[in-house]
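Q: First the structure, which I've put down as structure tokens, then a few questions once you've had a look.
Any read-out appearing in this document is the output of simple, stated calculations on the displayed coordinates, not a laboratory observation. In this text the structure is predicted, and so the values were computed from the model without any measurement. Positions of Cβ are backbone-derived with ideal geometry, glycine not excepted, and every protein chain shown enters the neighbour counts.
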Amino acid sequence: MSREDVVRLCERVEGAQTRAYAIPKLTDEYPNMTIGDGYAVQLELRKRFLAAGHKQVGWKAGLTSKAKMIQMGVNVPSIGFLTDRMSRPESSAISTSDLVHPRVECEVAFVMKKTLQGPGCNAADVLAATDYVLPAVEIIDSRFSGFKFDLPSVVADNGSSARFVGGGRARYAEDLDLRTLGVVMEKNGEIVTMGASAAVLGHPAEAIAMLVNILAELGENLPAGSFVMSGGITEAVAVKPGDSIVARFQELGSVSMRFVE
Ligand code: OOG
Ligand code: MG
């Protein structure tokens, strides 16, 4: 894909993200688009946001659970960047008027105390470099119409990243078994989905290792201080104004938020 095409697609995705409208999947127009092309568009988007004064706070792994891969019809994980503008406080009211198709998912987030560099990063390296873990809810927002998409398009759309809320209790990873944490998501007081953290590649630290190895392919490392989400444990649940969400995590407390116009 030419540099001109990358810039063109970046502008298309940026418009859809910042003005909250749906666009057709990018591969409709560029059927030969590769995952690498998707990352080129994502990099361009990251550069633009940083140039506009957004601060990068970390990264996210996506499509790391079978539930998500089946829901999205893809079979390889992906990564995306997170900025300060996407962060929302715990228990806050989150507007949906600047989102297209908001959906929520429960994730384990990691805060890093040491920089990690791939390739060859594994889960033990990740745990040794982790300061603490905390529960998070990601509000994803695929900008593609009719939820029709494929991996190159999702990667270009920064893995559907839109908002995220961290909260609950921060814990040292060594005090927990990160494979067996149960999570329950409640919407308006009723359980809508549940899962266990092993859904994420067997262990959420595996997802962070995978992310570090993908970053290495893109010529980047994972800096100390990064906030990193390891991927949805359950499928994502649609939300609309008026909905309130509570995500309860075994050992890590709960994260809540409500949605407004
Ligand atoms: C892609 C985002 C995937 C996750 O945690 O799996 C993701 C999408 O579902 O639109 O954030
Ligand atoms: Mg996610």
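Q: Taking the convex hull of the alpha carbon atoms in the chain, what volume per residue do you get, in Å³?
A: Taking only Cα atoms, the chain has a hull volume of 111 Å³ per residue.
Q: Which of the peptides 142-155, 180-193 is most tightly packed, and how do the rest follow, judged by the mean count of other Cβ atoms within 10 Å per residue?
A: By packing density, highest mean first, the sequence is 142-155, 180-193.
Q: How would you rank 226-233, 159-166, highest first, on the average number of other Cβ atoms within 10 Å across their residues?
A: The packing order, highest mean first, is 226-233, 159-166.
Q: Quote to one decimal, in nm, the extra length available between Lys240 and Asp28 on full extension: 0.36 nm per residue of separation minus the C-alpha distance between them.
A: Contour length minus Cα-Cα distance gives 73.5 nm.
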